[in-house]
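A quick write-up on the structure given underneath.
Every read-out reported here was derived from the displayed coordinates using simple, explicitly stated rules and does not represent laboratory data. Worth saying up front: this structure is predicted, and the values here are computed from it rather than measured. Glycine gets a Cβ as well: all are built from the backbone with ideal geometry, and neighbour counts include every protein chain shown.
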Amino acid sequence: MLGVGSVVFGMVFKIYVLDEWRPLQYVLITLILGAFAISFLKTGLGGILLYPLLVLGAKGINFNLVIKDFFRISLVALSIVMALAMLGGITNLVYHPIDRATRYSLGITYPTDLAAHSLLLLLSYYYLRYRRIRVVELIAGLLIGILVYKLTDARLDFVATILAIGLIAASQWMVKNQRLVRLHAFMWITTPFIAGVTWFSAFFYNYHIKLASRLNDLLSNRLYLSKQGFDKYNILMFGQKIKEHGYGGLKGMKLFNGKTNIEYFFLDSSYIRLILIYGLIIFLMVILAMTLVSIKGYMANDYILCVIILVLSVTGMVEQHLIELVYNPFLIALMATIGSKQNEKIQFK
């Protein structure tokens, strides 16, 4: 708790004392942080307050260095956790679904979380290597995706991995053809569009409609659970506390194995979580931030950033990690310094 407090104090000090802003910008920043603070008080979830501080506090920071440190730290931490899990040093939760393959978490809370970590590591690596990515690196990414899929049976993350690799390859091809490079300018549209489609599909979900029922099956019952959320809770301006019961962790394992009478209920979609748990204001702010990051990436010729925001927008439909720093550091680019020249200069040695 002391460590989190130090980070909050440090970010507030940098934003209000060390950084230079116009008077109206100070007012806007205060309003933004105030909205997140109210949401924090409503929900009791500290991450919602820390994330905007890190985003705003990144003004003047080289974003490539942020992602470079994120990649290295995450890779080392994930490797240590996985090694300890395989050696028996920490619990390795293993799930045996009746109608699916065995799923391994390798020290992480849940198999899909392990898959999400792996996807973010790949996206971070490709961001740093964008101007020099070779075909063999894209193939290696695909092989890693297949391995992670075999371990976790996280189907949607595997689809996201294939999507990411395909879009990155297409983006590099578009960059070589100056007439097509402008297509990156339209990628920002995916964030508000997908967020709107996700909300509409969940809010008006009806299992009697055959197409909706099939889509719900493809999304592992996420539409039904999201609809339950809308039926149980109202959409509030600054959010509310919602009691969830998922399969993650030791308590979740008991629920998965039927050793508790608690009913499963978890909002996997980031967009549904944002609007129901954190509130309409935070939902709109996050969607706007992602949109602006994509536009900023295009304006700075940092085209890989446009691609990554598109991929994260898609994964946000089915995963809850959109505003969790360990799964998504890319919103920090909103205030950090970005640009295609940085991608060329900062490489792994």
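Just a few scattered comments:
- Calculated [θ] (222 nm, deg cm²/dmol) that DSSP helices of n ≥ 4 give over the chain, each run adding -39,500 (n - 2.57): -19500 deg cm²/dmol
- Computed FRET value (nearest 0.05) for Leu236 with Phe204, which takes r as the C-beta separation and R₀ as 22 Å: 0.65
- Most tightly packed first, judged by the mean number of other beta-carbon atoms within 10 Å of their residues, the peptides 66-78, 326-338, 128-140 read 326-338, 66-78, 128-140.
- A simple count of charges around Ser201, restricted to other residues whose Cβ falls under 13 Å of its Cβ and scoring Lys, Arg +1 and Asp, Glu -1, yields +3.
- With R₀ set to 25 Å, the beta-carbon distance separating Ile80 from Ile146 gives a calculated FRET efficiency near 0.60.
- Given charges at beta-carbon only (K, R positive; D, E negative), |dipole| of the chain in Debye: 480 debye
- Once C-alpha pairs closer than 8 Å and six or more residues apart are averaged by separation and normalised to the residue number of segment 191-349, the relative contact order reads 24 percent.
- Whole-Å distance, taken between Cα centres, linking segment 216-273 and segment 57-124: 22 Å
- Annotation for Leu41 and Arg131: the two label points, set 7 Å from Cα along the Cα-Cβ direction, are 4.7 nm apart.
- Estimated Rh, segment 190-323: Kirkwood, alpha-carbon pairs, angstrom: 15.9 Å
- Across segment 229-287, Cα pairs under 8 Å and at least six residues apart give a relative contact order of 45 percent.
- With the simple spin-label model, which puts each label point 7 Å out from Cα in the Cβ direction, the Ile61 to Lys254 separation comes to 3.8 nm.
- When each of the peptides 46-55, 115-124 is scored by the mean number of other C-beta atoms lying within 10 Å of its residues, the order from highest to lowest reads 115-124, 46-55.
- Nitroxide proxy distance, nm - points 7 Å out along Cα→Cβ at Asp217 and Asp69: 4.9 nm
- Rounded FRET efficiency, nearest 0.05, which uses the C-beta distance separating Trp173 from Thr102 and R0 of 30 Å: 0.20
- Order of Glu319, Glu324, Glu263 - criterion: other Cβ atoms within 10 Å of each residue's Cβ, fewest first: Glu263, Glu324, Glu319
- Its relative contact order, with pairs defined as Cα atoms under 8 Å and 6+ residues apart, puts the chain at 24 percent.
- Between the labelled values (1) 159; (2) 129; (3) 143, the entry that holds volume of the Cα convex hull per residue in Å³ as derived from this structure is (1).
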